[in-house]
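Q: My structure is below; once you've seen it, I'll send some questions.
The values are calculated or read from the model by the stated rules, or taken from the named source; none is laboratory data. Here the structure is a predicted model, which is why all the values come from computation and not from measurement. Note: areas computed on protein heavy atoms with side chains; ligands, DNA, RNA excluded. Shrake-Rupley method; radii C 1.70, N 1.55, O 1.52, S 1.80 Å.
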Amino acid sequence: MNRSHRPPTGRSPGFLALYLNDHLAGANAVVETFRRTAEAHRGDTLGSSLRALGDQAAQDRQSLLTLMADLDVPVKRTRAALGRLAEKAGRLKLNGRIFSRSPLSDVVELEGLRLGVEGRAACWRSLRSLARTDPRIDVPLVEELIVRAEQQARALEAMRSACASRLFDREARGRAATPHAARTVGRRAHLRGLPRTGPV
């Protein structure tokens, strides 16, 4: 998986070049997001897990560069830079705070990372399909990358689910004690023919 990235020597089909360069831009954004989120959790379990996944994401990006070289797909530096710009722009997302991290940041970033990993898995599957007609593609490498992307997606979903539960459950407990919540529960019980449990 760590073969050196040889400079491309030929011209590749335009659509494939655009497709793989778009995924390279996405890989750049994913690696940067992993690093930023891991840094925000330095010293805790989540930070260690994200750092390990970020290292894998960087290796996967190198594997993509290797596959692009094998296919004579040139790296478009301007397109690759778009991923880094997109990641920086993503820091301005609506997380409830402008100049600092919000508890919502973890949930949003983990969702974005999972989507990025699933997109990369789709890229590997596309290359596996292309390998039926293009012998230049390293199929064992692609198969390994698919398995790893699926493992990464499961790990990220577990982290995302845990963060979302902690954040939203805590908020929901506070809302459940309000008169509005009691009225809502009462209306629902009435519609279902159940005994009412609170004021209406």
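Q: Taking segment 75-127 as the region of interest, how many residues are modelled with pLDDT of 55 or more and not in a helix (DSSP H, G or I)? First the steps, then the outcome.
A: Let us first name the residues in segment 75-127 that are modelled with pLDDT of 55 or more, namely 75-82, 100-127.
Filter once more, so that each one left must be not in a helix (DSSP H, G or I): 75-76, 100-102.
The qualifying residues number 5.
Q: Could you tell me whether S49 is open to solvent by 40 Å² or more (accessible area, probe 1.4 Å), at pLDDT 90 or above and either part of a loop (DSSP other than H, G, I, E, B) or at negative phi (or both)? Spell out how you get there, then give the answer.
A: Numbers: open to solvent by 40 Å² or more (accessible area, probe 1.4 Å): yes; at pLDDT 90 or above: yes; either part of a loop (DSSP other than H, G, I, E, B) or at negative phi (or both): yes.
The answer is yes for S49.
Q: Can we say L141 is farther than 24 Å from D44 by Cα and modelled with pLDDT under 80?
A: On the way: farther than 24 Å from D44 by Cα: yes; modelled with pLDDT under 80: no.
No; evaluated as a whole, the condition is false for this residue.
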